[in-house]
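The block underneath contains the structure these notes are about, expressed in structure tokens.
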Amino acid sequence: MNDTTPARILVVDDEPDLRELYTLTLVREGWQVDEAGSVAGARALLEQHRFDAAIVDMRLPDGSGLDLLAWASAQRRGERIIMATAFGNAANAVQALKSGAFDYLTKPVDLRQLRQVVRSALTQSQPAAQPPRQAAALDAMVGTSAPMRAVKDTLGRAARGMAPVLIQGESGTGKELAARAVHELSNRATGPFIPVNCSAIPEHLLEAEFFGYRKGAFTGAMASHDGFFVAASGGTLFLDEIGELPLSMQAKLLRAVQERRVRALGETAEFPVDVRLVSATHRDLAACVAAGTFRQDLFYRLNVIDLVLPPLRERIDDLPVLAEALLARIRRDHERPGLTLQDDALHALAAHSFAGNVRELENLLQRAAALAATDRIGAADLALPGTPGARLAPRSPRAAAGSTLSMELPAHLDQIERDLLLDALRRSHFDRTAAARLLGLSPRQMLYRMRRLDVPDGATDAR
């Protein structure tokens with residue numbers, strides 16, 4: 001498709017009235033439309049012409065829309081195929097996306113949503129508009145080890161469609177970085193990227209923050225507010241720590257994901273949203289489903305494309321280039337161009353277990369840069385357990401002051417609480433939810449205390 005030739009779209013449905021409705025809607029947008037009522041008829045048209053996109057009904061007289069999708073994929077054709085599925089048939093929609101469909105529509109089809117999805121498909125079928133931006137997205141995923149090559153391959157394939165992506169991995173492995181890469185590699189990169197930490201929002205505010213509200217919808221609603229779905233329209237909504245959502249909110253999110261429609265608090269009608277959904281969690285969501293803490297239907301909706309980020313200990317070959325990339329940022333941020341990492345420091349890092357992954361590596365380098373006597377960071381400056389001559393800073397004011405109390409009571413109690421939080425994080429390998437359980441706290445109480453006391457969410461600070 002170029003600027004002077006209208007996009008050509010194929011509509012495949014066995015109901016003549018629906019084909020006519022779709023055709024009239026699309027022609028009004030300036031697009032050229034061909035129609036077919038069966039798999040055989042669609043194949044005949046596809047063999048004669050090159051289309052930019054196709055809207056295909058799931059159920060056809062001589063087969064399934066999935067049959068046509070499989071044939072088109074085998075022929076390595078370039079059409080973006082949009083499947084139309086019956087209302088409530090989530091399994092078909094998920095199967096279509098897993099089979100390579102660009103997107104899906106739920107029947108009865110909302111015509112505004114039809115136009116939105118087709119526009120998105122046509123944009124994706126064009127050559128990438130910002131190759132430098134896309135290259136930067138992949139460069140940010142530092143590493144050339146076999147696990148990282150697999151991650152980058154999945155990122156490239158995930159970016160081509162609208163299928164939801166679920167990113168799983170331990171704390172500190174770079175899940176938000178991967179989510180941003182999915183966004184930047186797609187043709188939605190010019191749209192907004194809206195990151196949301198699901199564990200940081202109080203439960204009673206979740207629905208209002210996700211779907212928005214209208215003035216007067218509840219006490220204190222002095223003005224209307226657009227939620228995350230509306231803010232991400234035309235772009236990507238990233239739901240981090242999706243496993244922390246309560247079951248009541250999971251049900252509401254499921255409907256929004258299935259129907260591509262939301263209703264703000266205080267509104268009587270739903271309206272369509274055009275959002276690519278990427279989720280992330282450090283939890284094993286399949287285990288959460290088995291335990292009854294996460295909805296199975298929502299899990300299948302979110303887990304269409306599964307991206308598992310490897311822990312640093314499984315990609316230790318990437319350690320030198322990762323350390324250099326992080327050190328380059330520290331040099332720039334602290335205006336210390338001569339900062340270098342000595343060989344003994346690199347060897348010490350390679351032998352470390354890295355329970356906090358890349359975030360822990362960054363924390364270690366930042367602390368070493370702050371404590372090192374010169375710009376040459378050695379193994380002793382890293383203060384790793386078991387490192388000969390490690391220059392450890394005092395762990396707390398109590399250790400530094402001996403038996404004499406060196407601060408007022410509130411500050412002293414804060415320091416005790418901070419030490420307890422850090423100890424629980426270490427013992428739980430930096431799994432914040434597990435650390436909260438050790439302390440008898442809810443995940444939100446844990447997060448509140450960590451933020452109040454400036455406790456790092458990942459590698460711990462030994463100071």
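The values are calculated or read from the model by the stated rules, or taken from the named source; none is laboratory data. Nothing here was measured: the structure is a model prediction, and the numbers come from that model. A quick note on method: Cβ atoms are made from the backbone with ideal geometry, for glycine too, and the neighbour counts reach across all protein chains shown.
Observations on the structure shown:
- Condition met for D34 (in a strand (DSSP E or B), in contact (Cβ under 8 Å) with a residue 24 or more places away in the chain, charged (D, E, K, R) and not assigned by TED's automatic domain parsing to the domain that holds V275): yes
- When the residues of the range 1-40 are filtered to those that are small (G, A, S) and surrounded by 20 or more Cβ atoms within 10 Å (Cβ to Cβ), the one that is farthest from the chain's Cα centre (by Cα) is A36.
- A373 being modelled with pLDDT of 70 or more and under 30 Å from G169 (Cβ atoms): no
- All positions within the range 148-179 that are farther than 23 Å from G100 by Cβ and crowded, with 18+ Cβ neighbours inside 10 Å: M148, G169, E170, S171, G172, T173, G174, K175
- A residue that is within 26 Å of M162 (Cβ to Cβ), touching a residue at least 60 places away in the same chain (Cβ under 8 Å) and surrounded by fewer than 15 Cβ atoms within 10 Å (Cβ to Cβ) can be found somewhere in the range 185-202.
For every residue, the table says whether it meets (1) in contact with an Asp or Glu (Cβ under 9 Å, 6 or more places away or on another chain); (2) part of a loop (DSSP other than H, G, I, E, B); (3) within 30 Å of A251 (Cβ to Cβ).
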{"residue": "A287", "(1), (2), (3)": "no, no, yes"}
{"residue": "L298", "(1), (2), (3)": "no, no, yes"}
{"residue": "D306", "(1), (2), (3)": "no, no, yes"}
{"residue": "D333", "(1), (2), (3)": "no, no, no"}
{"residue": "P337", "(1), (2), (3)": "yes, yes, no"}
{"residue": "A345", "(1), (2), (3)": "yes, no, no"}
{"residue": "H352", "(1), (2), (3)": "yes, yes, no"}
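- Any hit, the range 213-226, residues being in contact with a Phe, Trp or Tyr (Cβ under 8 Å, 6 or more places away or on another chain) and under 17 Å from V275 (Cα atoms): no
- First in the range 363-383 and surrounded by 20 or more Cβ atoms within 10 Å (Cβ to Cβ), second anywhere and in a loop (DSSP other than H, G, I, E, B) and of a type in the set (K, R), Cβ under 6 Å, 6 or more apart: A380/R391
- Flag: M162 matches the condition of being modelled with pLDDT under 90 and closer than 30 Å to D52 by Cα.
- Odd one out for S279 among (1) at pLDDT 90 or above; (2) crowded, with 19+ Cβ neighbours inside 10 Å; (3) not in a strand (DSSP E or B): (3)
- Set V182, V118, V94: member being at pLDDT 90 or above, crowded, with 20+ Cβ neighbours inside 10 Å and closer than 18 Å to Q258 by Cα: V118
- Complete set of residues in the range 193-252 that are more than 22 Å from R180 (Cβ to Cβ), in a loop (DSSP other than H, G, I, E, B) and small (G, A, S): G212, G216, A217, G220, A221, A223, S224
- The residue list G37, G100, G65 contains one member that is within 26 Å of I305 (Cβ to Cβ) and in contact with a Lys or Arg (Cβ under 8 Å, 6 or more places away or on another chain), which is G65.
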